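**Student:** Sharing a structure here in structure tokens format.
Throughout, read-outs are computed from the coordinates displayed, never taken from laboratory work. Please read these numbers as outputs of a predicted model, since none were measured by experiment. Cβ coordinates were reconstructed from backbone atoms using ideal geometry, including for glycine residues, and neighbour counts include every protein chain displayed.
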């Protein structure tokens, strides 16, 4: 009975999302600007509660997921910070006078982290009603640049002060890693993928075939989702077969295995306490409880990792979320694992105890390569969709996971219409974070010299066909290093055909360390 639920229990009471297709239709001039996108998503979420007007008066917190164009790192090629204070701008558009206006840090983990953080604040009495919203507009932005069209976005958008920024904005890579291209996810996730292939004992050809089989079901889900950027089913063979339209990007990934960031999408969530929802008269059939929450970071930089086929952080935050919910992975009716690249899903499955061919499916949206990789905000869409799923199947449970940077920052949430029993309280992430931070890991040698072996690797190919090899290697003393390989076609063809894991050679230091095969 919900009348026995603790009044400060956090709940999600409204959700909304939409996909703007003007860029795909060649109608850039009709594209909503980012603040208007936030406003539309917010209004959809507020309307979903059935008490939009009352909520606009009650919302005390507005948080906006950082736009990808405002993010550091590999997005630095984009125009920066057109909008001084997105949460305050959208608050003014909505007529909301919130006492707190937050703008988050970068990372695909952010929406779930934000829900977890807000739930804790609600449970602690620091917040009663919050609007969480995000939008990505890279499709219109890039389309306008290509067409030489001036969108005139942000010209008059200055609400008068800077936002309060929340979250960890620490750079995702070191200068050393950036020199080898690891700031680009398309270069870095293949390093994890080849390591995972080695653990699975597959040949490169076998693994490429398996990747098509693994991600084809995601396209099936995307093809049935009205919000998908690419609502197209693709067969396993189509995904894993290189072609003119499906070239290799970062080996072993073909284009159809990569998240697509050039989308225009927005989503929002409204959260309240049970007491506030009752006070506002929000119908109980709208209430969805966050039964479990977990947040953790792996050793921050890619070169520091324990290995490239596991994630102590996903394991720890998943355990924390399941223990809080009193559930296991087997109890979940719906699952959405963060899916920027196959490696992220594979590691998630491994650490959470979910089979890669689980009949429940691994996505409710269709995944970032097919539903659309809505930058930092994708998981807001998966949360919205998960809320709709568990509402439609009363008493069911759903798991959402989120991932930021390069298998670096992780969050998880477990959702259900079943009421939370007792006081909502989670284990402080700092408790298990200190255990992760103490994990033994290799020493980094930035200027390596001598005999060495390959720990993992990739070959990066651009649209013009230019290629280069990246190696994560180990010296005989166990120190880890980064290096490039010779860039002649014979070497690179061989690296994309044969298994390089464990191959030996010598490395010489330089502005770019060079690994030569024995």
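**Student:** Rounded, prolate or oblate for segment 86-155? Axes are the square roots of the Cα gyration tensor eigenvalues, ordered a ≥ b ≥ c, and the cut-off for rounded is a/c under 1.5.
**Tutor:** The shape class here is oblate.
**Student:** Please rank 49, 417, fewest neighbouring Cβ atoms within 10 Å first, as an exposure proxy.
**Tutor:** Details: 49 24, 417 21.
By the 10 Å Cβ count, ascending, the order reads 417, 49.
**Student:** With 10 angstrom as the radius, rank 295, 3, 60 by how many other C-beta atoms surround their C-beta, starting from the fewest.
**Tutor:** Values: 295 26, 3 8, 60 18.
Fewest to most other Cβ atoms nearby, the residues stand as 3, 60, 295.
**Student:** A further question on this structure: Determine, from the Cβ-Cβ distance of residue 479 and residue 84 and an R0 of 51 Å, the FRET efficiency 1/(1 + (r/R0)^6), rounded to the nearest 0.05. Write out the running numbers ahead of the final one.
**Tutor:** Numbers: r = 45 Å, r/R0 = 0.89.
Once rounded, the FRET efficiency stands at 0.65.
**Student:** At what distance in angstrom do the alpha carbon centres of segment 286-331 and segment 237-259 lie from each other?
**Tutor:** 29 Å
**Student:** Run the paramagnetic zone check for residue 497: 7 angstrom along Cα to Cβ, then residues of segment 192-207 with backbone nitrogen under 14 Å.
**Tutor:** From segment 192-207, the list is 204-205.
**Student:** Continuing with the same structure: Among DSSP beta bridges lying fully in the chain, give the percent that are antiparallel, nearest 5.
**Tutor:** On the way: 60 of 76 bridges.
Around 80 percent antiparallel, to the nearest 5.
**Student:** Measure off 7 Å from each Cα along the Cα-to-Cβ vector at residue 506 and residue 490, then give the distance between these two points in nanometres to one decimal.
**Tutor:** In this crude label model, residue 506 to residue 490 measures out at 1.8 nm.
**Student:** Another question about this same structure. Based on the alpha-carbon gyration tensor of segment 406-491 and its eigenvalue square roots a ≥ b ≥ c, which shape applies: rounded if a/c is under 1.5, prolate if not and a/b is larger than b/c, or oblate? Before the final figure, lay out the partial values.
**Tutor:** Numbers: a/c = 5.29, a/b = 1.95, b/c = 2.72.
Since a/c reaches 1.5 but b/c is at least a/b, the shape of segment 406-491 is classed as oblate.
**Student:** Can you list the residues of segment 91-109 with backbone N under 19 Å from a point 7 Å past the Cα of residue 53, pointing along Cα to Cβ?
**Tutor:** What the label zone holds, given the 19 Å backbone N cut-off, is 93-97.
**Student:** Sticking with this structure for a sec: Counting alpha carbon pairs within less than 8 Å and at least 6 residues apart, what relative contact order, in whole percent, applies to segment 155-290? Each step should come with its number before you reach the end.
**Tutor:** On the way: 85 pairs, mean separation 22.1, N = 136.
Taking the mean separation of contacting Cα pairs over the length of segment 155-290, I get 16 percent.
**Student:** Additional query: Calculate, in nm to one decimal, what residue 285 and residue 3 gain on full extension: separation in residues at 0.36 nm each, minus their alpha carbon distance. Write down the numbers at each step before the final one.
**Tutor:** Numbers: separation 282, 0.36 × 282 = 101.52 nm, distance 1.36 nm.
Using 0.36 nm per residue and subtracting the Cα-Cα distance, I get 100.2 nm.
**Student:** Provide the FRET efficiency to the nearest 0.05 for the residue 330-residue 392 pair, computing r from the beta carbons and using R0 = 25 Å. Please report the intermediate quantities before stating the final value.
**Tutor:** Working: r = 21 Å, r/R0 = 0.84.
Approximately 0.75, to the nearest 0.05.
**Student:** How would 66, 463, 426 line up from fewest to most surrounding beta-carbon atoms within 10 angstrom? Let's see the in-between values first.
**Tutor:** On the way: 66 24, 463 8, 426 20.
Arranged by neighbour count, lowest to highest, 66, 463, 426 become 463, 426, 66.
**Student:** To continue, here is another question. Quick check on segment 170-266: take the gyration tensor over C-alpha atoms, sort the square-rooted eigenvalues as a ≥ b ≥ c, and tell me if it's rounded (a/c under 1.5), prolate or oblate.
**Tutor:** Details: a/c = 2.12, a/b = 1.20, b/c = 1.77.
It comes out oblate by the Cα gyration axes.
**Student:** Taking the Cα atoms of the chain alone, what are Rg (to one decimal) and Dmax (as a whole number) in Å?
**Tutor:** Final numbers for Rg and Dmax: 22.8, 73 Å.
**Student:** Roughly how many whole Å is it from the C-alpha centroid of segment 23-60 to that of segment 335-394?
**Tutor:** Value for the Cα centre distance between the two parts: 24 Å.
**Student:** Sort 379-389, 161-171, 263-273, 16-26 by packing, meaning the average of other beta carbons within 10 Å per residue, with the highest value first.
**Tutor:** Numbers: 379-389: 26.7, 161-171: 14.9, 263-273: 28.9, 16-26: 18.1.
Peptide ranking by packing, descending: 263-273, 379-389, 16-26, 161-171.
**Student:** Say each of residue 356 and residue 517 gets a label point 7 Å from the Cα, pointing the same way as Cα to Cβ; how far apart are those two points in nm?
**Tutor:** 2.4 nm
**Student:** For residue 25 and residue 152, FRET efficiency with R0 = 22 Å and r from the beta-carbon atoms, rounded to 0.05?
**Tutor:** Details: r = 20 Å, r/R0 = 0.91.
Computed FRET efficiency for residue 152 and residue 25 comes out at 0.65.
**Student:** A further question on this structure: Cα centroid distance between segment 108-129 and segment 179-224, in Å?
**Tutor:** 33 Å
**Student:** Hey, another quick one. Which whole-number percent is the relative contact order of segment 185-257 (Cα, under 8 Å, 6+ apart)?
**Tutor:** That works out to 31 percent.
**Student:** Taking the chain as the reference, fit the longest principal axis to its C-alpha atoms, fit the long axis of helix 185-200 to the helix C-alpha atoms, and give the angle between the two in degrees, 0 to 90, nearest 10.
**Tutor:** 70 degrees
**Student:** Within 10 Å, count the other beta carbons around each residue, average over each peptide in 253-260, 220-227, and list them highest first. Mind dumping the intermediate values first?
**Tutor:** On the way: 253-260: 22.1, 220-227: 17.1.
Going from most to least packed, we get 253-260, 220-227.
**Student:** I'd like the orientation of helix 312-325 relative to the chain: the angle between its Cα long axis and the longest Cα principal axis, in ° from 0 to 90, rounded to 10.
**Tutor:** Once rounded, the angle reads 30 degrees.
**Student:** Continuing with the same structure: Give the Debye-formula value of log10 I(q)/I(0) at each listed q (0.20 Å⁻¹), with one equal scatterer per alpha carbon of segment 69-209, two decimals each.
**Tutor:** Reported log10 I(q)/I(0), two decimals: -1.29.
**Student:** OK, next. Angle check, please: helix 34-48 long axis (alpha carbons) against the longest principal axis of the chain (alpha carbons), in degrees 0 to 90, nearest 10.
**Tutor:** For helix 34-48, the angle is close to 50 degrees.
**Student:** With the contact rule set at Cα under 8 Å and sequence spacing of 6 or more, what percent relative contact order holds for the chain?
**Tutor:** It rounds to 20 percent for the chain.
**Student:** Sticking with this one: Residue 245 versus residue 200, label points 7 Å from Cα toward the beta carbon: distance in nm?
**Tutor:** Between residue 245 and residue 200, the label points sit 2.5 nm apart.
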